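Participant: Questions regarding the structure given below will be posed in turn.
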Amino acid sequence: MNNFIHPALFFILGAFLIPALRGRIRQIYLLIVPALAFYSVLSMNTGVYGEINYLGFNIIMGRVDSLSLIFAHVFTLMAFLGVIYGLHVTEAEQHIASFFYVGGSLGVIFAGDYLTVFIFWEVMAFASTFLIWFRREPASLKAGFRYLLMHIFGGILLLAGIFLHYKNTGSLAFELIPKAGAGFAEYLILSGFALNAAVFPLHAWLPDAYPEATVTGAVFMCAFTTKTAVYVLARGFQGFEVLAIMGTAMTIYGVCYATIENDMRRILSYHIISQVGYMVAGVGIGTALAVNGACAHAYAHILYKALLFMGAGSVLMMTGTSKLNELGGLYKYMPLTLIFYVVGGISISGFPLFSGFVSKSMIVAGAGEAHHPVLMVLLLLASVGTFLSVGLKLPYFAWFGKDCGLKPKEPPANMLWAMGLTAFLCFFIGVYPKALYDLLPFKEAAAEYHPYSAPHLSETVQLLLFTGLGFFLLLKRLQPEAKINLDFDWFYRKLIAGFMRFDQKYIQSFDSGWGELYRKAGLRAMMSIAGFFAWFDRWGIDGVVDNAAYGTIWIGDKARKVQTGNLQNYLAFAILIIFVIVGINWFL
Amino acid sequence: MNWVNLIQYLRDNMNLLKRALYLLMAATIIFDIFMPRHAAHFFGDKIPGFWSLFGLVCCVLLIRIMKGLSHTVLMKKEDYYE
């Protein structure tokens with residue numbers, strides 16, 4: 001059977017038709033494209049398709065196996081939900097950008113060689129930058145440039161790694177890299193991937209850019225960039241211990257910052273770092289259970305994180321602010337948004353019956369079974385922080401707390417439908433985890449794992465309930481503040497601004513001083529040297545030439561006067577000359 | 001059934017909600033004491049009620065430490081970068 005149609009084709013080719021359509025027809029078209037892509041993923045068979053030999057490189061566009069299928073499955077599903085959420089947007093360019101973005105990430109998922117990975121990697125980076133810029137605020141413009149520069153930097157790391165890897169091995173095939181065989185080239189590739197996965201300390205672009213994106217764009221962005229990175233890490237770098245440690249550090253780092261942040265979408269962004277940390281840790285632990293957990297968590301995370309961004313985006317769109325200190329008491333006006341958001345909140349926190357419970361626990365159990373008790377406890381600590389910020393603090397201060405006086409309406413129907421559908425999926429995965437587990441790459445390990453065991457239920461409920469108790473005890477301490485917190489973006493925002501100031505003050509003043517010196521002293525010296533040469537030219541060279549000419553004229557003039565036309569004078573002159581010659585001859 | 005009325009009802013009867021939550025907490029700890037335990041990977045898995053204490057302590061420490069760190073080092077005005 002050879003029924004492989006690359007799902008990225010639907011999005012990338014489909015994007016060109018969007019500007020030609022209007023109104024209702026465009027909306028239907030926008031829904032059909034991801035639906036077709038989703039169908040093409042469902043009807044795919046495993047195998048290798050689209051193999052091209054180009055300039056001696058073996059290019060593989062379509063490697064289909066269980067690992068690429070689960071990511072393609074959730075990506076096309078998410079694209080469908082994201083399109084519903086953004087259906088009210090009339091600007092064609094926003095839809096085009098998100099289609100290219102989704103197409104790029106699907107291209108990476110099915111790529112079998114590094115060259116294809118790199119090309120689609122860059123398509124993603126550029127397309128997603130437009131999702132930030134289209135918000136058309138000065139802050140978004142700047143944040144978009146920083147985002148793009150960081151991703152170009154990551155792309156260069158990746159490309160450099162690919163070149164060195166090719167030089168060493170002579171192959172561009174994108175396969176699992178054995179840990180013993182990993183050298184400088186492979187670690188360069190790893191860092192390029194890690195930047196997109198927002199691995200500490202290459203993470204600051206994420207909470208910097210996502211809160212500045214458009215309401216609908218952020219829903220796309222939170223799903224694709226980091227999870228594509230999780231996929232490539234799972235493809236190439238299973239069992240790298242550095243990932244297990246960095247991933248666990250990310251989970252803690254994210255929740256720490258989310259505790260003190262004020263902007264809703266920034267809190268959620270820090271929780272992307274935290275949740276992606278679980279997946280990176282799962283990949284790093286590298287056992288069948290842990291890698292399964294990473295994939296399952298990526299699947300569940302895409303849905304509930306999109307739901308959370310949809311909820312926060314709705315509040316931002318309807319009230320005009322996403323700052324918690326300016327919000328409060330919205331439950332009277334946006335109760336449906338609240339309910340959908342809370343479903344996302346308890347899914348990410350891992351409440352029983354919701355998706356986080358069946359996916360996150362796989363990674364934690366993977367850490368336990370691989371005898372990493374420290375990692376396991378730290379991952380559980382991070383889930384305390386997750387419930388604290390996303391499940392309690394954010395909804396409490398946005399929908400309850402003090403009444404802010406705003407009276408927003410519920411968002412448009414399409415946004416509510418998108419949230420409702422996503423919320424249903426989060427619940428569905430929670431109560432029927434087999435639907436998700438059947439998609440996992442290691443089927444045997446997935447069949448052996450049962451999330452609804454007594455110890456796991458007891459542990460989770462205890463953690464969550466007592467986190468809630470801690471929250472209400474310290475509610476006053478958590479009061480949101482209209483401030484921002486420093487993160488690693490300080491290095492490229494303040495330090496570079498400082499360097500620019502240093503540059504203006506010292507380097508530029510040296511440069512302009514040098515210019516001034518040159519203008520004053522150098523130019524004058526040159527002018528006087530030039531003046532000397534001009535003088536020499538005029539009086540030296542010209543003098544010799546001109547005087548020779550003057551001399552000829554003078555002699556000619558005198559000679560002319562000799563020729564008087566008087567025969568006597570000629571004779572007398574001739575005789576005089578004869579006398580002179582004879583005289584000279586005689587004397588000598 | 002209106003969602004707003006339900007939420008409003010719960011807000012007006014906070015004591016009811018609190019009592020229900022306290023009951024739930026007590027019930028989980030009692031469940032944890034009598035729960036069959038096997039395949040523990042961590043010493044805490046063997047102590048009844050360990051994860052309750054862990055959740056509460058971690059939550060309090062997280063808020064205290066991060067708010068402290070924020071107020072002393074990390075927190076800046078919103079126009080800091082402009």
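The values are calculated or read from the model by the stated rules, or taken from the named source; none is laboratory data. Nothing here was measured: the structure is a model prediction, and the numbers come from that model. Every residue, glycine as well, gets a Cβ built from its backbone with ideal geometry; the counts of neighbours run over all protein chains shown. Accessible surface is based on the protein model in full, side chains and every heavy atom, while ligands, DNA and RNA are left aside. Shrake-Rupley method; radii C 1.70, N 1.55, O 1.52, S 1.80 Å.
Participant: Counting only residues that are within 8 Å of chain A (Cβ to nearest Cβ) and within 20 Å of the chain's Cα centre (by Cα), how many does segment B:26-47 have?
Facilitator: Residues meeting the conditions: 6.
Participant: I'd like to check which helices (runs of 4 or more DSSP H) are fully inside segment A:114-215 and have at least 2 residues that are open to solvent by 10 Å² or more (accessible area, probe 1.4 Å).
Facilitator: Output list reads A:114-133, A:138-169, A:184-196.
Participant: Between a first residue in segment A:427-442 that is of a type in the set (Phe, Trp, Tyr) and a second residue that is crowded, with 18+ Cβ neighbours inside 10 Å and outside any helix (DSSP H, G or I), which pairs have beta carbons less than 8 Å apart while being 6 or more apart in sequence or on different chains?
Facilitator: That search, which allows pairs on different chains as well, returns A:Phe427/A:Phe354; A:Tyr437/A:Tyr449.
Participant: So which residues in segment A:423-455 are open to solvent by less than 70 Å² (accessible area, probe 1.4 Å), part of a helix (DSSP H, G or I) and closer than 20 Å to A:Val41 by Cα, if there are any at all?
Facilitator: If the condition is that a residue be open to solvent by less than 70 Å² (accessible area, probe 1.4 Å), part of a helix (DSSP H, G or I) and closer than 20 Å to A:Val41 by Cα, then A:Leu425, A:Ile429, A:Ala435, A:Leu436, A:Tyr437 are the ones that fit.
Participant: Is it fair to say A:Phe471 is within 28 Å of B:His71 (Cβ to Cβ), part of a helix (DSSP H, G or I) and facing chain B (nearest Cβ under 9 Å)?
Facilitator: Taking the combined requirement at face value, the residue satisfies it.
Participant: Also: Provide a single number: the residues in segment A:56-96 that are open to solvent by 10 Å² or more (accessible area, probe 1.4 Å) and under 23 Å from A:Lys443 (Cβ atoms).
Facilitator: The qualifying residues number 7.
Participant: With respect to A:Phe99, determine if the residue is open to solvent by 10 Å² or more (accessible area, probe 1.4 Å) and under 17 Å from the mean Cα position of the chain (by Cα).
Facilitator: Considered against the rule, which asks whether it is open to solvent by 10 Å² or more (accessible area, probe 1.4 Å) and under 17 Å from the mean Cα position of the chain (by Cα), A:Phe99 comes out as no.
Participant: What do you reckon, is A:Ser355 closer than 15 Å to A:Ala300 by Cα, crowded, with 24+ Cβ neighbours inside 10 Å, within 12 Å of chain B (Cβ to nearest Cβ) and among the polar types (S, T, N, Q)?
Facilitator: Considered against the rule, which asks whether it is closer than 15 Å to A:Ala300 by Cα, crowded, with 24+ Cβ neighbours inside 10 Å, within 12 Å of chain B (Cβ to nearest Cβ) and among the polar types (S, T, N, Q), A:Ser355 comes out as no.
Participant: If you scan segment A:405-422, which residues turn out to be in a loop (DSSP other than H, G, I, E, B), open to solvent by 40 Å² or more (accessible area, probe 1.4 Å) and of a type outside the set (D, E, K, R)?
Facilitator: Passing the criteria: A:Gly405, A:Leu406, A:Pro412.
Participant: State the number of residues belonging to segment A:358-381 that are surrounded by fewer than 24 Cβ atoms within 10 Å (Cβ to Cβ) and of a type in the set (Val, Ile, Thr).
Facilitator: 2
Participant: Further question on the same structure: For segment A:230-240, state whether one or more residues are under 20 Å from A:Gly82 (Cβ atoms) and either of a type outside the set (Asp, Glu) or modelled with pLDDT under 95 (or both).
Facilitator: The answer is yes; a qualifying residue exists.
Participant: Kindly indicate whether any position in segment B:40-47 is charged (D, E, K, R), surrounded by 14 or more Cβ atoms within 10 Å (Cβ to Cβ) and either farther than 30 Å from A:Ala139 by Cβ or touching a Cys at 6+ places or on another chain (Cβ under 9 Å) (or both).
Facilitator: yes
Participant: Then there is this: So, in segment B:11-25, exactly how many residues are free of Cβ contacts under 8 Å to residues at least 12 places away in the same chain, open to solvent by less than 80 Å² (accessible area, probe 1.4 Å) and within 10 Å of chain A (Cβ to nearest Cβ)?
Facilitator: 1
Participant: In segment A:29-50, which residue that is open to solvent by 90 Å² or more (accessible area, probe 1.4 Å) and without any contact (Cβ under 8 Å) to a residue 24 or more places away in the chain is farthest from A:Tyr114 (Cα to Cα)?
Facilitator: Residue satisfying both the conditions and the ranking: A:Tyr39.
Participant: Here's a follow-up. Does A:Gln479 satisfy the condition of being surrounded by 11 or more Cβ atoms within 10 Å (Cβ to Cβ) and either of a type outside the set (Phe, Trp, Tyr) or within 31 Å of the chain's Cα centre (by Cα) (or both)?
Facilitator: In short, yes.
Participant: Something else about it: Can you tell me which residue is farthest from the chain's Cα centre (by Cα) among those in segment B:48-74 that are farther than 25 Å from A:Leu457 by Cα and open to solvent by less than 70 Å² (accessible area, probe 1.4 Å)?
Facilitator: B:Leu74
Participant: All but one of (1) away from every other protein chain (no Cβ under 14 Å); (2) under 40 Å from the mean Cα position of the chain (by Cα); (3) open to solvent by 90 Å² or more (accessible area, probe 1.4 Å) hold for A:Tyr518, so report the exception by its number.
Facilitator: (2)
Participant: List pairs: first in segment A:546-560 and within 24 Å of A:Phe536 (Cα to Cα), second at pLDDT 85 or above and in a helix (DSSP H, G or I), Cβ under 8 Å, 6+ apart or cross-chain?
Facilitator: That search, which allows pairs on different chains as well, returns nothing.
Participant: Continuing with the same structure: Which members of segment B:66-79 meet the condition of being in a helix (DSSP H, G or I) and either more than 8 Å from chain A (Cβ to nearest Cβ) or in contact (Cβ under 8 Å) with a residue 12 or more places away in the chain (or both)?
Facilitator: Passing the criteria: B:Gly68, B:His71, B:Thr72.
Participant: Let me ask another. Which residues, taken from segment B:26-48, are β-branched (Val, Ile, Thr) and either out of contact with any Ser or Thr (no Cβ under 8 Å at 6 or more places or on another chain) or touching a residue at least 60 places away in the same chain (Cβ under 8 Å) (or both)?
Facilitator: Hits for segment B:26-48 are B:Ile30, B:Ile33, B:Ile47.
Participant: Which number in (1) within 37 Å of the chain's Cα centre (by Cα); (2) within 13 Å of chain B (Cβ to nearest Cβ); (3) farther than 24 Å from B:Met35 by Cα; (4) modelled with pLDDT of 85 or more marks the one condition that A:Ile496 misses?
Facilitator: The one condition A:Ile496 does not meet is (4).
Participant: From A:Leu465, A:Leu473, which residue is in contact with a helix residue (DSSP H, G or I) (Cβ under 9 Å, 6 or more places away or on another chain), within 30 Å of A:Arg266 (Cβ to Cβ) and open to solvent by 70 Å² or more (accessible area, probe 1.4 Å)?
Facilitator: It is A:Leu473.
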